[in-house]
Amino acid sequence: MAQVSLVKVSSVLNRDVTSLGKQNLFDPNPETCWNSEQGTPQHILVEFAPCVRIHSVCVQFQGGFAGKDTRLIDMDRKEEICALFPDDNNKVQVLELPKNEQGVARRRIKLQFATSTDFYGRIVVYSLDFKGSVADDVELPAKTTNDSCASDAVITIV
């Protein structure tokens, strides 16, 4: 199983990290969420340990507060992986990566929301998950930071 070793978000509404923070992205509670502050762009940065090969991103927005012009970015290579096109609804959405990107081992990715369906640019995400496989044959570079924002979330990478 792969674990999320680090999660960073662009902002949290009213700086209320206890109720609306990034920890809610991966918890099993369907009533908790990450809620960004207003303004664009917004993002979610996720670091995995060990590296993973992502096949799809599963995300549940609050309708009316969904990401638009969404990009998935490989932060180690500093390049866009693909554009994602989520719908503006409350359902869990499975957003497939292009086939040629599914076999690539990745350690750090960013979901970048250039705009939002909300007039003020807020994003609300109730759940985030990644489907794929562990890249056992890839060695992780030495960890360069000791971030207290690490997460113990286990992601569905089989």
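Observations
- Across the chain, the longest run free of exposed loop sites, meaning trypsin sites (Lys or Arg not before Pro) lying outside DSSP classes H, G, I, E and B with no more than 13 other Cβ atoms within 10 Å, spans 1-76.
- Using θ = phi - 60° and Karplus 6.51 cos²θ - 1.76 cosθ + 1.60, couplings along segment 86-100 (whole Hz; Gly, Pro as x): x, 8, 8, 8, 9, 7, 5, 10, 9, 10, 6, 7, x, 3, 5
- Calculated FRET efficiency, T32 to K99, Cβ-Cβ distance, R0 = 41 Å: about 0.75 to the nearest 0.05.
- Cα gyration tensor shape of the chain, rounded if a/c is under 1.5, else prolate or oblate by comparing a/b with b/c: prolate
- GluC sites (Glu not before Pro) within segment 8-102, DSSP loop, no more than 14 other Cβ atoms inside 10 Å: E31
- Protein accessible area in the chain, 1.4 Å probe - carbon and sulfur %: 50 percent
- Virtual spin-label span in nm between Q23 and D69, 7 Å along Cα→Cβ: 3.4 nm
- Cross-link reach list, lysines versus K68, counting only Cα pairs under 26 Å and skipping chain neighbours closer than eight places: K8, K22, K78, K91, K99, K110, K131
- Karplus-derived 3J(HN,Hα) values for segment 39-45, using 6.51 cos²θ - 1.76 cosθ + 1.60 with θ = phi - 60°, are x, 10, x, 10, 7, 10, 9 Hz; glycine and proline are entered as x.
The values are calculated or read from the model by the stated rules, or taken from the named source; none is laboratory data. None of these values were measured; they are calculated from a predicted model. FYI the Cβ positions are ideal-geometry reconstructions off the backbone, even for glycines, and counts take in every protein chain you see. Protein only, heavy atoms only, side chains kept; ligands, DNA and RNA dropped before computing areas. Shrake-Rupley method; radii C 1.70, N 1.55, O 1.52, S 1.80 Å.
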